[in-house]
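Let me begin by presenting the structure, written as structure tokens, before commenting on it.
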Amino acid sequence: MTQKSDHDAKTIMVWFEVYKETKDEYKSRRFVVGSDGNKLSLGYRLFCRRNDTRSLIPQKRRIFMNTIKSEKKVNGFLASGQKYKRMCHTYEKLLNAKPEQIFPLLCPSRELDWINGWDCDLIYTSTGYAEKDCIFTTPEGSIFDSGIWILTQFVPNEKVELVRTVQDSRVVHIRITLKDNNDGTTTGMWEEKYTALNEQGNEMVENMPGPDTQFLTELSYYLKNGELMKA
């Protein structure tokens with residue numbers, strides 16, 4: 001069945017070709033007819049005939065998305081298995097200070113004050129201190145190896161998250177949260193996820209030593225004494 005749209009009475013060159021789907025539903029294809037007589041498709045639309053009238057009521061349009069490429073990528077990845085390794089470390093420490101005293105110390109510049117062997121080069125920060133999207137690097141030979149650090153989340157007195165790439169071989173995701181115990185103390189939680197990027201990274205992740213919590217001892221000392229603990 002072909003009919004001129006009642007909804008486009010003034011646009012006489014817009015047409016619907018309607019195909020009956022069910023008793024009450026019609027699927028149409030909308031066309032524009034050019035001055036040269038060529039008919040150009042504008043896509044499918046779904047209509048419903050209300051009672052037995054000839055008015056066609058537009059319904060919500062459904063978009064069908066082609067997912068062939070993404071499904072091929074996912075299925076190929078799952079079929080090949082997880083090639084790269086991941087290791088997680090979690091630390092927790094009761095600190096005798098309030099979150100507002102601890103949070104400013106979680107900063108590449110301020111860590112010079114309380115972590116022995118720490119060094120960094122600031123790449124981007126508007127204040128010189130930690131802030132969201134701050135970027136810095138650690139040099140070769142530093143206690144955390146050479147790497148690029150990006151501060152991805154920064155919630156004052158509550159949370160800091162960083163992503164660090166190390167020697168193009170692995171990525172480290174670090175999440176630090178501070179829980180106020182409302183008694184003058186804070187529970188600090190550190191989560192670190194090491195993920196290999198290649199076979200070299202697999203070897204490094206597999207042979208990583210156990211958790212090193214020396215920095216937590218140094219943080220407690222600094223909060224109590226206001227000075228860098230002697231190495």
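The values are calculated or read from the model by the stated rules, or taken from the named source; none is laboratory data. Keep in mind the model is a prediction, meaning the values are calculated, not measured. Backbone-built Cβ (ideal geometry, glycine too); neighbour counts: all protein chains shown.
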Can we say Val166 is modelled with pLDDT of 95 or more and under 24 Å from Asp121 (Cβ atoms)? no
Is it true that Glu218 is farther than 28 Å from Gly141 by Cβ, modelled with pLDDT of 95 or more, surrounded by 13 or more Cβ atoms within 10 Å (Cβ to Cβ) and in the same structural domain as His89 (by TED's automatic domain parsing)? no
Within region 212-231, residues small (Gly, Ala, Ser) and touching a strand residue (DSSP E or B) at 6+ places or on another chain (Cβ under 9 Å) come out as Ser220
Would you check which residues across region 73-98 are in a strand (DSSP E or B) and not hydroxyl-bearing (Ser, Thr, Tyr) and list them? Arg86, Met87, Cys88, His89, Glu92, Lys93, Leu94, Leu95
Asn66, sole failed condition from (1) out of contact with any Lys or Arg (no Cβ under 8 Å at 6 or more places or on another chain); (2) assigned by TED's automatic domain parsing to the domain that holds Tyr194; (3) assigned to a loop (DSSP other than H, G, I, E, B): (2)
Which condition from (1) touching a Ser or Thr at 6+ places or on another chain (Cβ under 6 Å); (2) crowded, with 18+ Cβ neighbours inside 10 Å is the one that Leu151 breaks? (1)
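Would it be correct to say that Lys93 is among the charged types (D, E, K, R), outside the structural domain of Val205 (by TED's automatic domain parsing) and under 30 Å from Asn202 (Cα atoms)? Give the steps one after another, and end with the answer.
On the way: among the charged types (D, E, K, R): yes; outside the structural domain of Val205 (by TED's automatic domain parsing): no; under 30 Å from Asn202 (Cα atoms): yes.
The answer is no for Lys93.
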Against the conditions (1) touching a residue at least 24 places away in the same chain (Cβ under 8 Å); (2) surrounded by fewer than 18 Cβ atoms within 10 Å (Cβ to Cβ), where does Arg170 fall short? Just the number, please. (2)
Residue tally, condition surrounded by 16 or more Cβ atoms within 10 Å (Cβ to Cβ) and within 15 Å of Ala231 (Cα to Cα), over region 112-122: 3
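Filter region 99-149 for residues that are aliphatic (A, V, I, L, M), assigned to a helix (DSSP H, G or I) and touching a residue at least 40 places away in the same chain (Cβ under 8 Å) and give the result. Spell out how you get there, then give the answer.
The first filter runs over region 99-149 and keeps only residues aliphatic (A, V, I, L, M), leaving 102, 105-106, 112, 115, 122-123, 130, 135, 143, 148.
Filter again for assigned to a helix (DSSP H, G or I), leaving 102, 105, 112.
Within region 99-149, Ile102, Leu105 meet the criteria.
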Looking only at region 191-198, decide whether some residue is of a type in the set (Val, Ile, Thr), assigned by TED's automatic domain parsing to the domain that holds Leu94, farther than 19 Å from Asn116 by Cβ and part of a strand (DSSP E or B). yes
Considering Asp183, Asp212, which residue is assigned to a loop (DSSP other than H, G, I, E, B) and within 28 Å of the chain's Cα centre (by Cα)? Asp212
